[in-house]
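Readers should treat all values here as calculations from the given coordinates under stated rules, not as data from a laboratory. None of these values were measured; they are calculated from a predicted model. Note that we place each Cβ from the backbone using ideal geometry, even for glycine, and neighbour counts take in every protein chain shown.
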Amino acid sequence: MKSLSQYSLVLRRLTTVLVAAGLVGVKLSAATAVASEVSQTNTTILKWKDGKQAVFLLAFDDSTVSQVKNVIPELAKRGIVGTFYINPGNGPYASQRKAWEKDVPGLGMEYGNHTFTHAGALSVAEFDREIEQCNEVIQKCFPNRKQPRLISFGRPGVPKVKWRISEDEVKQVLAKYHLIERPSFYGPPIHLKTIDEIRKCVDQAIAKGEMGHLDFHGVGGDWLVTPMEQFIALLDKLESCREQLWLTDAISWHKYLTERKSAEIKEVQSDAKQIQIQLTCKSDPTFYDYPLSLATKVPPTWKECIVIQGSTKTNVTVTAGTVRYEIIPITGEILLKPAR
């Protein structure tokens, strides 16, 4: 039996022969090329925008008067977005029409489709009409938004006798008008009764690293009322967690999630001069255009870098050997170079 030293000697001699024949160099070069093409270790798509730990959404149904009077001023003061699921054909909306159509759209809020009258749907034709009329009002409130675009849909809570269409029929109408159904309604005073229960929802979203949401009707008035002190306590809690939370609207969350799940990245070149990344996006860019957040580890000599995507160039500061930046979710090349 050969000793370990004898096996080592044989291996060294064999390596010398292979190198002389040019075989080892060929194998190593090929392996290096393949590794360079498939490497994904230096660049990642961040789970949530800006690397936030979790997401939180606020939604408000029925276009109540108290939302105009109590909710929107508090949200605007804090720079927190809310999605308001409006019923333009009902009385409360009509009483505040100027606010909904002229004032609120400029305050950074979003509107969702809650049907035109909140009366239900006894037929597909009626549901189609309710959706179309509500969409027309939303588009009028935001005339500068591109069309077509995705709009969030909140199903109105009506008795079963007033909802006579099937799930397949609902989906067909929503698809026709580019509506995305929101998460199921959850919020006070139906599901939560105390300030501690409301705050716990925020903590749970952060702990899970996922999306959390709370939905409201009246706040400080109207129906299914959430007291103002509970609502203010929630806003204070959200403000205290801004470092961990992406506070956004339902469609922005949906877009980012869909884009992230359908996107693939591959580093095709990485050296001291540049990093070349190939981005593949399977989502439809007509509707899914929310910027994705990426993080790339860069050479230690880089202090600032230029991110190039198409004709767009952005200078980004390197922090702890990593650069974070946003890209448009379109299939193509992304280049990172050190700034000079």
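Tabulated values for the structure
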item	result
Label of the coordinate-derived value, log10 I(q)/I(0) by the Debye sum over Cα atoms at q = 0.06, 0.07, 0.14 Å⁻¹, listed as (1) -0.27, -0.36, -1.14; (2) -0.19, -0.26, -1.17; (3) -0.33, -0.42, -1.16	(3)
Asp61 long-range amide H proximity, modeled H, under 5 Å	Tyr85, Phe216, His217
Alpha-carbon centroids, region 89-155 and region 304-340: separation in whole Å	38 Å
Highest to lowest packing among 291-298, 192-199, 309-316, scored as the average C-beta count within 10 Å	291-298, 192-199, 309-316
Among Arg149, Arg260, Arg164, residue whose mean-square fluctuation peaks in a GNM of the chain (springs only between Cα atoms under 10 Å)	Arg164
Residue-by-residue Karplus 3J(HN,Hα) for region 285-294, coefficients 6.51, -1.76, 1.60, Hz, glycine and proline x	x, 4, 10, 9, 10, 7, x, 8, 9, 10
Nearby aspartates and glutamates by direct alpha-carbon distance to Lys47 (threshold 20 angstrom, same-chain neighbours under 8 apart not counted)	Asp203, Glu210, Glu243, Asp249, Glu259, Glu264, Glu267, Asp284, Asp289, Glu326
Exposure proxy order (Cβ contacts within 10 Å, fewest to most) of Tyr111, Tyr290	Tyr290, Tyr111
C-alpha long axis of helix 250-262 to longest principal axis of the chain, angle in °	30 degrees
Size of charge dipole - the chain - debye, nearest 20, with Cβ of Lys, Arg +1 and Asp, Glu -1, no other charges	1380 debye
In order through region 164-169: 3J(HN,Hα) via Karplus (6.51 cos²θ - 1.76 cosθ + 1.60), integer Hz, x for Gly, Pro	10, 10, 7, 5, 5, 5
Nearest 10 degrees, 0 to 90: helix 23-38 Cα axis against the chain principal axis	10 degrees
Region 201-211 - phi-based ³J(HN,Hα) in whole Hz, Karplus 6.51/-1.76/1.60, Gly and Pro as x	4, 5, 4, 5, 4, 5, 4, 7, x, 10, 7
Under 16 Å from the Cα of Lys200 - lysines, other chains or at least 8 residues apart	Lys208, Lys237
Extreme residue, positive dipole direction of the chain, given options Pro88, Leu235, Ser252 (C-beta unit charges)	Ser252
For Phe153, residues with placed amide H under 5 Å, excluding near neighbours	Asn113, Ile180, Glu181, Arg182
Angle in degrees between helix 124-141 and the longest Cα principal axis of the chain, rounded to the nearest 10	80 degrees
Spatially proximal aspartates and glutamates relative to Lys140 (Cα-Cα < 14 Å; intrachain offsets below 8 disregarded)	Glu101, Asp103, Glu110, Glu132
Extreme residue, positive dipole direction of region 180-306, given options Val268, Gly218, Thr296 (C-beta unit charges)	Val268
